[in-house]
Structure formats: structure tokens, C-alpha cells
Amino acid sequence: MFDVFALGPTGWGDEMLMGAVMTVLVSSSSLLLGITIGIIFAACKLSNFFILRAIAEVYTTIIRGIPELLVIYLLFFGGSSAVMYLAKIFGYMGYIELNAFTIGTIAVGAISGAYSTEVIRGAVNSVPKGQFEVGKTLGFSRYSLYGKIIFPQVARIALPGIGNVWQITLKDTALISVTGLVEIMRQSRIAAGSTHEPFIFYTAAIILYLLITRLSNIVFDSAEKKYSKGYVSREAI
Amino acid sequence: MYESFFKIVEGIPLTLQVVSISTILGIFLAVAVALMRISGSKLMSLPAYYFVYLIRGTPLLLQLYFVYYGLSQFEFIRESILWPLLKEPYWCGIITLTISTGAYSSEIIRGGILSVSKNYIEASGALGLSKAKTFMLVTLPITVRQALPAYGNELILMVKASSLISIVTLMEITGIARTIISKTYAPVEIFLVAGSIYLAINFIIVIFVNLAERRLGIEKAT
């Protein structure tokens, strides 16, 4: 029964593991893109300009209100032509095709960006107001106030929330399989189709996802412990 | 744009139907799982814990493939009385969505039950109410109040999740949208149409949940 998972050309073991590596790669790059988007849009949501706040509000409402699959279809079918349109403005007339990895990263990154925005905004809001005031009183520039005082605290407070976003992102990457990127989901479909053993391969995929979840929980837990050293939780006071 | 709008609108009944059937079935599953988890007996709470862990730790698409393709591999399932259900993508979609929302909502309900103050339970015991009556008349109403805001989010997630059944050939909103996109190659237009329909559905859900919250006297945290 386990012959089908043999390594090398006779079985699907190494292919499934490569699929897991691809899932981790595309999830991590999506999360990084998502956090970057999250920082920008959280800044927009907290800004004094109405237009910026409105743009950020529209973005998070749309992403959180429509199915992830639609966002992926939009980029899958429209991503390349959008890039070509932009390239034309800069004078490049050739044909550009985005690969499945790039499309997947942008799509899932845009989705996790909306969730990260809320996490980061919440974290900035929970930094005590006194910190901002003291920084200003001590003559910190806006740049170093945010860079040296606010950002480190935001990172610490946002860490558990980002852990949740990572779980969502990890699961959302399964949807990229519809665009042809060979990650766990796609690989188990291919293997199930060619061996006529769907049960075994989907079970293997479930185990791989649970393993990745378990491992990332350990990483996030230890990071949380490390960065909350010297802090006492509010309940304890 | 008008043409595609009218085509996509035809998918709304199927989306709503699948979402409502699995949500209603899912509530029963969720209450059962939540009660198992807080039962205090390891024999009950451990299976419930692992069930929730399994469902929350894996993608919904994988669960759907598992139910639709994985189970049908076996002869004994194809001969069982469940086969008429499991061979239909429609019922596989409903089963998968029910299991998924059952697991996620059980956590919401468990949180709600645990938030009921012990004093109330003791008071109703002192007043001579049976355990079942205490649950129905005291615990449950407070749980509903506590859990409603989070459950509203779960409803929106269900509407979004229902789009996945288009992958097993069901022609609901996303399924029709995808077909039109691959024919016309007008992704932005179709995205706007289908996306607005989803936003409208979710907006209506938010309004109803807010109304229910106000009726139950839930104060909005500001």
C-alpha cells in the first residue's frame, strides 16, 4: 500500500514532498507580500487623509467579502494582460506571461494583505498613547519615533495575529492549484489520477498540511515567547 | 455586462440553497461537538478536539476532494446506502461545508458556553431546575447572545466558502462566472459583477446579524 510513496521514479513520495516545499514557498512569499501590503494599508487606515482611509476601507471590505477563488480567477485570467498594459505605458510592446507561482503569490498575498491590515492596525492602536507623546516630547523625528519606538512594539503585539494570518494563507494556497501550480493539492490530484488511489493521496495531503501547521505553530509559539520576554500580560497585573 | 449579469444572477439560488442547508445542519453538528468538548470526559472531548483540529488545519478544497473523490474509491462505500448522496457533487458539497462550519462554529459556541457565569448555573440549580432545563433556559440564551457576533463572521465565511463547490462542477455564482471568463476573456468585468453579488449577499447578512444583535441587546464594543 505504501509502494506508491516510494522515492524516485517508481513512486510519488518525492513528488509529494516537493509539493509540500512548494506550498511552504508560495505561502511564505504570499505572507511576506501580505505583511508589506498590510503595513501600507494599516498606515492608510490610520492616516488623517479621508481618501487614503477610504481606499484602504474599500480594499479590505472587498477582499474580506468576496470568495478567494474569484480573486485568483481575476489574476489568473487578467494578470498577464494587466502587466502587459502597464509595460506598454513604459514602451515595452512584447508578450509577457506571468507564471503560476507569481500569480498565486500576488493573489494570495492580496488576500492575506487584507487580514494583515486589520491585525497591524489593531496592534498600532494598542500601543499606549503615552509612547507617542513621550517620543514627541523627547524630540524624536516622526521617522525615528515610528522606526525605533512604535514599530518594535507593534511587531510584538501583532505576532499572534500574524500567526493566524499565516494559517489562513497556508490554506488559501490550496486554491492556487486551480491555476496549475504544483503544490500539495495539485500534486495529490495528479498522483490520485494516475494511480487511481485518491483516498491514499488525499490522506497524505491532509497529513502534510497538518504537519506544516504543527511545525509553524511551534515556530510562532517560540517567537512569541522570545519577544514577550520582560512583558507581563495585562491579566496578570 | 448586462448579459453576464443576468447569467450570473441565475447562480444565486444555488449558492443560497447550499449555504443555508449546510449552515442549518452545521449548527447541530457544532452544538454536539461543543458539548462533547466541554463534557469533562476524555472519551468525549478528545475525539471532538481532534476533529476540530483536523478540519481547521486543512484546506476546505482538500476536504471537498477527499469526500468527493477519495471516498468513492472504495467498493463498500459505492455499495452502501450513502452512495446516492456521495456520488452527487451537490451533496458532497453540502456534506463538506456542513462538516467545515460545524468544526469552526463549535469553537464559537464553546467559547459562548464557557463565558456563561457559574453563578447563573448555581442559581438555577438552587431554584430547582433540572440540568436539561438549566441548559435550555439559562445557558443557551446567554450563549446565543455571546456567540452571535462571531457567528455572523462565520456566516460570511460560509458564503465565501460555498464558491469552492464550483470546482466539482456545480454552477453557482463562481461556477457561472468562471465559465463566462474562460469564454469571453473579460475577467475584470465578470469579477466586478460576481464580486458585487457576493458583497451584496454578505451586506444583507451583516444587516440581519446587526438587527438580531440589537434585539438581543448586545452592546457593540467600540
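Every read-out reported here was derived from the displayed coordinates using simple, explicitly stated rules and does not represent laboratory data. These numbers come from a predicted model, not from an experiment. Cβ: placed from backbone, ideal geometry, glycine included. Neighbour counts: every protein chain shown.
For the peptides B:33-46, A:164-177, residues were scored by their other Cβ atoms within 10 Å and the scores averaged per peptide; the highest-first order is A:164-177, B:33-46. As a rough footprinting exposure proxy, the listed residues A:THR102, A:THR61 were ranked by other beta carbons within 10 Å of their own, and the order from fewest upward is A:THR61, A:THR102.
In angstrom, the C-alpha Rg and Dmax of chain B are 20.5, 69. Shielding value for B:198-209 is 2, the average number of Cβ atoms from other chains within 10 Å of each residue's Cβ.
A straight Cα-to-Cα reach below 27 Å connects A:LYS229 with the lysines A:LYS129, A:LYS136, A:LYS148, residues fewer than 8 places away in its own chain not being considered. Shown in residue order for region B:72-84 are the 3J(HN,Hα) couplings computed by the Karplus curve 6.51 cos²θ - 1.76 cosθ + 1.60 at θ = phi - 60°: 6, 5, 8, 4, 5, 6, 5, 9, 7, 6, 7, 4, x Hz (x for Gly and Pro). Each of B:SER41, B:ILE94, A:ALA155 was scored by the projection of its Cα onto the charge dipole of the protein assembly as shown, and the greatest displacement toward the positive side belongs to A:ALA155; charges sit on the C-beta of Lys, Arg, Asp and Glu. Of all the options B:SER20, B:SER182, B:SER100, the one that moves most in a Gaussian network model of chain B with Cα springs shorter than 10 angstrom is B:SER182.
Dividing the summed -39500 (n - 2.57) terms of all DSSP H runs of n ≥ 4 by the residue count of chain A sets its mean residue ellipticity at 222 nm at -25000 deg cm²/dmol.
Once the convex hull of all Cα atoms in the protein assembly as shown is built, its volume per residue stands at 210 Å³.
Simple spin-label estimate for A:ASN164 and B:GLU122 gives 3.2 nm between the two label positions (7 Å along the Cα-to-Cβ direction from each Cα). The aspartates and glutamates within cross-link reach of A:LYS171, meaning a Cα-to-Cα straight distance under 18 Å and a gap of 8 or more places when in the same chain, are A:GLU68, A:GLU183, B:GLU154. Ordering B:SER166, A:SER216, A:SER116, B:SER115 from the fewest to the most neighbouring beta carbons within 10 Å gives B:SER115, A:SER216, B:SER166, A:SER116. Overall, the protein assembly as shown carries a charge dipole of about 1560 debye about its Cα centre when +1 sits on the Cβ of Lys and Arg and -1 on the Cβ of Asp and Glu, all other atoms neutral.
The phi-based Karplus calculation (6.51 cos²θ - 1.76 cosθ + 1.60; θ = phi - 60°) puts the 3J(HN,Hα) values of region A:151-156 at 4, x, 6, 4, 4, 5 Hz, whole numbers, x for Gly and Pro. Applying 1/(1 + (r/R0)^6) with r as the Cβ-Cβ distance of A:THR203 and A:ASN99 and R0 = 22 angstrom yields a FRET efficiency of 0.15.
Put +1 on the Cβ of every Lys and Arg and -1 on every Asp and Glu Cβ in region A:12-236; which of A:THR195, A:ALA42, A:GLY109 then has its Cα farthest towards the positive end of the dipole? Of the options given, the answer is A:ALA42. Just to be sure I follow the rule: in chain B, considering lysines 8 or more places apart or on different chains, how many pairs have Cα atoms under 22 Å apart? Lysine pairs meeting the criterion: 6.
Ranking of A:PHE76, A:PHE5 by neighbouring Cβ atoms within 10 Å, starting from the fewest: A:PHE5, A:PHE76. Residues of region A:14-29 with an amide N closer than 20 Å to a point placed 7 Å from the Cα of A:ILE190 along the Cα-to-Cβ direction: A:14-28. Computed about the Cα centre, the dipole magnitude for region A:12-236 is approximately 980 debye when only Lys and Arg (+1) and Asp and Glu (-1) carry charge, each at its Cβ. For the options A:SER126, A:SER29, A:SER141, a Gaussian network treatment of chain A with springs between C-alpha atoms closer than 10 Å singles out A:SER141 as fluctuating the most. Taking every residue in A:35-45 and counting other chain Cβ atoms within 10 Å of its Cβ, the average works out to 0. With springs only between Cα atoms under 10 Å, which of A:GLY78, A:GLY139, A:GLY13 fluctuates most in a Gaussian network model of chain A? Sorting by GNM fluctuation, first place goes to A:GLY139.
Across peptide B:163-173, the mean count of Cβ atoms from other chains lying within 10 Å of each residue's own Cβ comes to 2. Here the spin labels are modelled as points 7 Å beyond Cα on the Cα-Cβ line, and at B:SER45 and A:ALA87 they lie 5.9 nm apart.
How would region A:72-113 be classified by its alpha-carbon gyration tensor: rounded, prolate or oblate, with rounded meaning a/c under 1.5 and the a/b versus b/c comparison settling the rest? Prolate is the answer for region A:72-113, as a/c is 1.5 or above and a/b outweighs b/c.
With a Förster radius of 51 Å, plug the Cβ-Cβ distance of A:TYR146 and B:LEU140 into 1/(1 + (r/R0)^6) and report the FRET value to the nearest 0.05. Taking R0 as 51 Å, the efficiency between A:TYR146 and B:LEU140 is 0.60.
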